[in-house]
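I have placed the structure first, in the form of structure tokens, so that the comments after it can refer back to it.
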Amino acid sequence: MSPGSGIMAAEIEILKSISYFSGLSTEELNSITKFISKKTTERGEIILLEGEPSVEVYFIVSGAVKLFKTSAEGKEQILNIVRQWESFGDVAVFDGALNPAGAQAMVPTMLYSIRRNDIEAILREHPQVSRNVIQVLVSQVRHSMSLVEDLSFKHVIDRVAKILLEYAGDGSGNRPRLTQQEMAAMVGTAREMIGRSLKSLEEEGVIRLDRHRVVITDNEALKELAGANA
Amino acid sequence: MLDMPRIEIEKCNGCGLCVGVCRCGALVLIESVISIITTYECHWCTDCELICPTGAITCPFEIVIE
């Protein structure tokens, strides 16, 4: 076996794990390897800019990437953390419009990418990939709809305020600590919304984030917020 | 004793994502098992908790009234 065939076998194994190519035969995967470009990114490297055109779908071979939007005031909202074997950049590639979100590597990340024209050729050639892509996009729509619900209809800050009051102690360590994930589960929202709520409360001067402590600096204001959701 | 993020070793799959995301070098993989180094450079960014795919790392907050 030549070194080249060993590399190709490794690439085929990787492709097998990627949702887009699930259920394809080794021969079919073999025919797709020629469309793959590889890229490695450092932690913090911007891979996609929101509002810029993009012509490639990316697949994470190792590492993790955050998808985010930035407001005019510079506030960041994380939309999703994309992990190993998942894809991003699909939306702009399939509709030909601009990137709806930015993408930034959270850790050193290895990516495979396929250009729009090549993806179109793969879709024509392999109907199974079309079915897989529908599944992937539906999953992304569900995640986005859930986030829209959180952002639009739920008074997340008010409910975070209520939880902070319920769990506030005197610093003697006799009250249970809460992770952002636990707060999210209590509020019935995504973890991303908790970070955003805590930052907002800090900006309003109601709390102060002091490393692993949430210090309530304006108890009355917090009660007022919590009362709004009582 | 300085508080540091908490690790549940039995949940850790040794993927190392937390090591990559940690900006203060507080997390190290020793023989594919995560370990934490106490450091004042840790500012509780909670990125390690965010990125961990198995929930092995948690950064719990103590809530106190000033």
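The values are calculated or read from the model by the stated rules, or taken from the named source; none is laboratory data. This is a predicted model, so every value here is computed, not measured. Note that each Cβ is placed from the backbone with ideal geometry, even for glycine, and that neighbours are counted across all protein chains shown. Keep in mind that these areas ignore ligands, DNA and RNA; they rest on the heavy atoms of the full protein, side chains included. Shrake-Rupley method; radii C 1.70, N 1.55, O 1.52, S 1.80 Å.
At a glance:
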{"quantity": "Inter-centroid distance (Cα atoms) of segment A:114-193 relative to segment A:13-45, Å", "calculated": "26 Å"}
{"quantity": "Residues of chain A: accessible area per residue with a 1.4 Å probe, Å²", "calculated": "51 Å²"}
{"quantity": "Loop chymotrypsin sites (Phe, Trp or Tyr not before Pro), chain B (other Cβ atoms within 10 Å of the site Cβ: 13 or fewer; DSSP)", "calculated": "B:40"}
{"quantity": "Positive-end extreme of charge dipole, segment A:1-70 - chosen from A:37, A:62, A:8 (charges on Cβ)", "calculated": "A:62"}
{"quantity": "Relative contact order (percent, whole number), chain A, Cα cutoff 8 Å, 6+ residue spacing", "calculated": "19 percent"}
{"quantity": "Filtered GluC sites (Glu not before Pro), segment A:15-53: DSSP coil and at most 10 other beta carbons within 10 Å", "calculated": "A:42"}
{"quantity": "Residue A:46 - accessible surface, heavy atoms, 1.4 Å probe, Å² rounded to 10", "calculated": "80 Å²"}
{"quantity": "Residue-count net charge about residue A:209 - beta-carbon cut-off 10 Å; Lys, Arg +1, Asp, Glu -1", "calculated": "+2"}
{"quantity": "Where only C-alpha atoms are counted, convex hull volume of the protein assembly as shown per residue in Å³", "calculated": "153 Å³"}
{"quantity": "Candidates per GluC sites (Glu not before Pro) in segment B:9-60, loop by DSSP, up to 16 other Cβ within 10 Å", "calculated": "B:31, B:41"}
{"quantity": "Phi-based couplings in Hz for segment B:27-37 (Karplus 6.51, -1.76, 1.60; Gly and Pro marked x)", "calculated": "10, 9, 9, 10, 6, 6, 10, 6, 9, 10, 10"}
{"quantity": "Proximal lysines relative to residue A:38, as straight alpha-carbon distance under 24 Å, when same-chain residues fewer than 8 apart are discounted", "calculated": "A:16, A:66"}
{"quantity": "Taking segment B:6-49 and dividing mean pair separation by its residue count, relative contact order in percent (alpha carbons under 8 Å, at least six apart)", "calculated": "39 percent"}
{"quantity": "Listing of segment A:139-179 residues, each with accessible area lower by at least 50 Å² in the full protein assembly than in the chain alone (probe 1.4 Å)", "calculated": "A:177, A:179"}
{"quantity": "Unit charges on C-beta of K, R, D, E only; dipole of the protein assembly as shown, Debye", "calculated": "400 debye"}
{"quantity": "Pairwise FRET efficiency - residue A:121 versus residue A:204, Cβ, R0 = 35 Å, nearest 0.05", "calculated": "0.10"}
{"quantity": "Heavy-atom surface of chain B, accessible at 1.4 Å and reported per residue (Å²)", "calculated": "52 Å²"}
{"quantity": "Radius 10 Å from Cβ of residue A:224, net charge of other residues (Lys, Arg +1; Asp, Glu -1)", "calculated": "-2"}
{"quantity": "Residue-averaged [θ]222 nm for chain A, counting only DSSP H segments that reach four residues, each worth -39500 (n - 2.57)", "calculated": "-14500 deg cm²/dmol"}
{"quantity": "Apportionment of accessible area to carbon and sulfur, segment B:6-58, percent (1.4 Å)", "calculated": "53 percent"}
{"quantity": "GNM result for chain A, Cα springs below 10 Å: residue of A:121, A:190, A:101 fluctuating most strongly", "calculated": "A:121"}
{"quantity": "Segment B:6-58 - convex hull of alpha carbons, volume per residue in Å³", "calculated": "65 Å³"}
